[in-house]
Amino acid sequence: MYITYRRNQREVTHILGWVDSLSTELRIPFNDIAEGNVSLASEFRPNWLVRVSDMQVVPGSSVTDPYWALSYSWNQSGEIFKTGDEKYDRIDQGKHQIISCQTSIESIGGVERTFVDTTTEETRLVKFEELIKQMCHDFGIQYLWYDQMCIDQSDHDAKMQEIQQMHLIYKNAYCTLVLMPELKIIGKSRFGRRFANPDVIAKSEWCKRAWTLEEAYMSRDMLIVGNDVYIWSDRIATPLTTATGNYMSSLKEKDKWKASTALRYAKTRTSSKAHDRVFALANIFPELKDCIAFGYDQPLLDLMVQFYGHLAQNDLSILCFGKLLVTDIDNDILSEAQWAEADLLPSWTGAKGHHVTQQWFNQDAEMRAIYYIDERFMHMKCTCVPLRINRLADESMHRLEEDCYLSHSFMTGRMSPESDTSGDDGIPAHLTFAKMPSSAKDQYWETTNYDLQATHILPIKKEEAGWINTLSSPTDIGGCLSLIDDEQAEYLILSDVCFRSSPYRYSCYPVVAKNGNYFKSVGVCFLTPNIEITFDLKTTQRIVIE
């Protein structure tokens, strides 16, 4: 795949895609280089850097100026072909396009405006390295870390060493240059203002690659260069707007990232070598780097189980996943091969689910469970709440659809089942959830904030002693489930593993289901704030999750 780069770039200045119409001048938001102030530059230098003026590789230790790092999807750098098992090569036939036009500056109403003369358009066909050189020249970049030139791809030991310090390379770069050829002007508003579609970023090839997640996470800031427009990542870091805005906002709050956030964005990403998906994730959590072996000769499944185990041992947010809400972002949907791989992993990895991100979510909440990881098994001692699922969505449940948008922040009191004692069938007291009415699946109050589908609701009604969980003429919804498997007979809410969502403080708990001699993780339960589950429902159990 080849890239087209138009030198007359305009800046996208808003998450909605508005394009700056005043000037095509390329503006660097940092003044440090122009003013000779390199205080932002770290003392760290990669082993090698590219001197852009002549595209020569020089020792990083010889460079005193700040350097930039390049982030791109490899399959957009030329024609990629397979040479063997997990081995690929690239042919660059010089078909990348650099398009230039003459410009003129005119003063309109006292404001200088730059006009592009498209009749003077000139196109040069170049190789990838020449394309990079032109971009760097246009944006004033003097030194660049570019993997294909700065890593000896034929030297296995050198490559492994560089992979292990990749997080340092991007973390200490002055800025990261991101190639995004899908990003371009798509039209004009009725007022004549040009606009682009920043949401193509979330659907781009760049967002499908495993290494680019680590590169984006570690970057101080990113300059995203498209076909004819560019964007600074912090300009579009706006949560609860678009998929791109949510992602960039999440990166801006990277200090809050937990296991669930990293796994949410890494779930469907790919790499030329499957092992690289683990190595890229490990670099996001440098404290885990020493816990795994960096090498391609180890079985992939063993490596993945080992990594997930160390991740879970440090962070139980790995259990914070549910069923994916219907989405138009293909990057969120598992491929057939990824489903097959997920089948081989322990359920507590959440490989088949959709993890919750940290935005509007407090993942440093009550964690009273005692647990440890033993290879594929998570052993846990935890207070649990039994639950059952009524799979028939009767008419009384349909009448609750209108309540899905109601504010539940004013509900207070204790919640109990209709009977606090075991019934004649010997089933202990439990919460009963009903199947979510099909017409309300994509509209439930809390789960949509996390792109999760509410699969079941907790029907309740008010009585003098508090709230009663009942299937008989309920009046309100006390919570919901988001499950990837609702075909089991016995479920437990892990009430000692509690997360809180903001700003309304909904409680979120992992849910497990009995599966033979073990349990398996199947999703999460959201409960409305200020409603306390009666203690009679809670039991302390020792469970093993596989």
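The values are calculated or read from the model by the stated rules, or taken from the named source; none is laboratory data. All values reported here derive from a predicted model rather than from experimental measurement. No Cβ is skipped: glycine too gets one built from the backbone with ideal geometry, and neighbour counts run over all protein chains shown. For accessibility, only protein heavy atoms count, side chains too; no ligands or nucleic acids. Shrake-Rupley method; radii C 1.70, N 1.55, O 1.52, S 1.80 Å.
Remarks
- Set side by side, the residues D276, D255, D297 differ, and just one is free of Cβ contacts under 8 Å to residues at least 24 places away in the same chain and outside any loop (DSSP other than H, G, I, E, B), which is D255.
- Within segment 470-491, the set of residues being crowded, with 24+ Cβ neighbours inside 10 Å and more than 28 Å from the chain's Cα centre (by Cα) comprises I477, Y491.
- Residues of segment 279-294 satisfying the condition of being free of Cβ contacts under 8 Å to residues at least 24 places away in the same chain and in a helix (DSSP H, G or I): D290, C291
- When residues of segment 516-530 are limited to those that are part of a strand (DSSP E or B) and open to solvent by less than 20 Å² (accessible area, probe 1.4 Å), the one nearest to I468 (Cα to Cα): L527
- Members of segment 310-364 that are at pLDDT 90 or above, in a helix (DSSP H, G or I) and aliphatic (A, V, I, L, M): L311, A312, L316, I318, L319, L344
- Selection status of A513, of a type in the set (A, V, I, L, M, F, W, C), within 30 Å of D343 (Cα to Cα) and crowded, with 17+ Cβ neighbours inside 10 Å: yes
- Close pairs from segment 161-180: first within 29 Å of Y5 (Cα to Cα), partner in a helix (DSSP H, G or I) and of a type in the set (D, E), Cβ under 6 Å, at least 6 apart: Y170/E215
- Identification of strands (runs of 3 or more DSSP E) wholly contained in segment 138-238 with 3 or more residues that are crowded, with 21+ Cβ neighbours inside 10 Å yields 143-145, 175-179, 222-225, 229-232.
- Residue in segment 271-283 that is nearest to Q306 (Cα to Cα), counting only those that are buried (at least 18 other Cβ atoms within 10 Å of the Cβ) and of a type outside the set (G, A, S): V278
- Residue check for E336: open to solvent by 30 Å² or more (accessible area, probe 1.4 Å), out of contact with any Leu (no Cβ under 9 Å at 6 or more places or on another chain) and in contact (Cβ under 8 Å) with a residue 60 or more places away in the chain: no
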